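What follows is one structure encoded as structure tokens, with my remarks underneath.
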Amino acid sequence: MTKIISTHSYRGGTGKSNVTANLAAGLALRGLRVAVVDTDIQSPGIHTLFRVDPHSVHFTLNDYLWGKCGVREAALDVTSGVVDEAGVCQVPAGGQVFLVPSSIKTGEIARILKEKYDVEDLNNGFHDLCHELDLDFLLIDTHPGVNEETLLSIAISDTLMLLLRPDIQDYQGTAVTLELARKLEVPQLLLVVNKALESFDFRDLAQRVFSSYRTPVAAVLPLSTDLVRIGSTGLMRVLYPDHPFSQGIESLVEAILD
């Protein structure tokens, strides 16, 4: 059975898409079949991390939701984008990464915001994708905040991975989202603290966050100038496997596989 993981944050700018893409890479590097769905339809962007040229994309999640294609037709095989510094794909035999991107065309974004879509179609798409691609993991990159689509993604998830920064606004918003997730009885809840200053005591920070929420902290990820330097043009986990950020992603993989 496919394990469904939703990656969410109460506020934007937490690095959610970056963590989701690197998590997908970390799972694929272990020979697993993974798909990522970019449901952040209002502000899509995860495709850049897999080096996808949006102008070459034939179908997107928008097209599926408007009935123009099946969800499988909108899924791109982006395994070749999981490359190291030399441009060599590091995914072993059996591993594979797919991506269902959202459209970056302004007219299509405006249309989806104006006309909305049937969230049940989105739900059906998730399950069809799991079956048709024979996935080990489906990662859902959500839109920040709380809305109908987010609640659906959370409700069908086996794991909800909540990202927060060491910031009081994130702390308060995360408490709201956790309360909703507990009411929806999500089987596994994990917290990921991102953009922590390297001068922080990560172990102490994780303990304080755990004490506040009584929810496991799967990883504390550093605020890194190396991430800024690559500018979402690649995957840190593969480019720099020994980097503290990459090691944090591996902690996250372990927590999900446990």
(message) Defining a contact as two alpha carbons under 8 Å apart and six or more residues distant in sequence, what relative contact order in percent does segment 140-258 show?
(response) 20 percent
(request) Considering only Lys105, Lys195, Lys114, give the residue with the highest GNM mean-square fluctuation for the chain, with springs between Cα atoms whenever their separation is below 10 Å. (result) Lys114
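Take the Cα atoms of segment 1-49, build their convex hull, and give its volume per residue in Å³. Don't skip to the end; give the middle numbers.
On the way: hull volume 4.1 nm³, N = 49.
Convex hull volume per residue, Cα atoms: 84 Å³.
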(message) Over segment 1-129, what is the relative contact order in percent, taking alpha-carbon pairs closer than 8 angstrom and at least six residues apart?
(response) 30 percent
(request) Collect residues whose amide H, placed 1.01 Å from N in the peptide plane, falls under 5 Å from the amide H of Gln96; neighbours closer than 5 in sequence don't count. (result) Leu32, Arg33, Val34
(message) Can you compute 3J(HN,Hα) from phi for each residue in segment 159-175, using the Karplus curve 6.51 cos²θ - 1.76 cosθ + 1.60 with θ = phi - 60°, rounded to whole Hz and x for Gly and Pro?
(response) 9, 10, 9, 9, 9, 8, 9, x, 8, 4, 5, 5, 4, 5, x, 5, 4
(message) 5 Å is the cut-off here: which amide hydrogens, built 1.01 Å from N in the peptide plane, fall below it relative to Ile4, excluding neighbours closer than 5 in sequence?
(response) Leu138, Asp158, Thr159
(request) Might you tell me the accessible area per residue for the chain, computed with a 1.4 Å probe and given in Å²? (result) 44 Å²
(message) I'd like the carbon and sulfur percentage of the solvent accessible area for segment 137-258, probe radius 1.4 Å, heavy atoms only, ligands and nucleic acids excluded.
(response) 52 percent
(message) Please give the charge dipole size of segment 1-142, origin at the Cα centre, charges +1 on K and R Cβ atoms and -1 on D and E Cβ atoms. Round to the nearest 20 debye.
(response) 320 debye
(request) Pull up all non-local amide H partners of Leu221: gap of 5 or more, or a different chain, and H-to-H distance under 5 Å with H placed in the peptide plane. (result) Val193, Asn194, Lys195, Ala196
(request) Report the full-extension gain for the segment Glu132 to Asp53: residue separation times 0.36 nm, less the Cα-Cα distance, to one decimal in nm. (result) 26.0 nm
(request) For every helix of n ≥ 4 consecutive DSSP H residues, a contribution of -39,500 (n - 2.57) applies; sum these over the chain, divide by its total residues, and give [θ] at 222 nm rounded to the nearest 500 deg cm²/dmol. (result) -11500 deg cm²/dmol
(message) With +1 on the Cβ of every Lys and Arg and -1 on the Cβ of every Asp and Glu, and nothing else charged, how large is the dipole of the chain about its Cα centre, in debye rounded to the nearest 20?
(response) 460 debye
(message) Is there a quick way to get the dipole size of segment 126-166? I mean about its Cα centre, with the Cβ of Lys and Arg at +1 and of Asp and Glu at -1; what is the value in debye to the nearest 20?
(response) 340 debye
(message) Viscosity 1.567 mPa s, temperature 4 °C: what is the translational diffusion coefficient of the chain from Stokes-Einstein with a Kirkwood Rh over Cα pairs, rounded to a whole number of µm²/s?
(response) 71 µm²/s
(request) Rounded to the nearest Å, what's the spacing between the alpha carbon centres of segment 10-35 and segment 170-192? Just the number, please. (result) 19 Å
(request) Rank His58, Ala28, Ile41 by how far each Cα sits towards the positive end of the charge dipole of segment 24-72 (+1 on Lys, Arg Cβ; -1 on Asp, Glu Cβ) and give me just the farthest. (result) Ala28
(message) Report the Cα centroid-to-centroid distance between segment 230-258 and segment 94-143 in angstrom, as an integer.
(response) 23 Å
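What Kirkwood Rh does segment 126-254 have if only Cα atoms enter the pairwise 1/r average? Answer in Å. Please report the intermediate quantities before stating the final value.
Numbers: mean 1/r = 0.0623 Å⁻¹.
After inverting the pairwise mean of 1/r, the radius is 16.0 Å.
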(message) At R0 = 22 Å, how high is the FRET efficiency between Val119 and Leu184 if r is their beta carbon distance? Nearest 0.05 is fine.
(response) 0.95
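The values are calculated or read from the model by the stated rules, or taken from the named source; none is laboratory data. Nothing here was measured: the structure is a model prediction, and the numbers come from that model. So basically every Cβ, Gly included, is an ideal-geometry build from the backbone, and we count neighbours across all protein chains shown. SASA here: full protein model, heavy atoms, side chains in, ligands and nucleic acids out. Shrake-Rupley method; radii C 1.70, N 1.55, O 1.52, S 1.80 Å.
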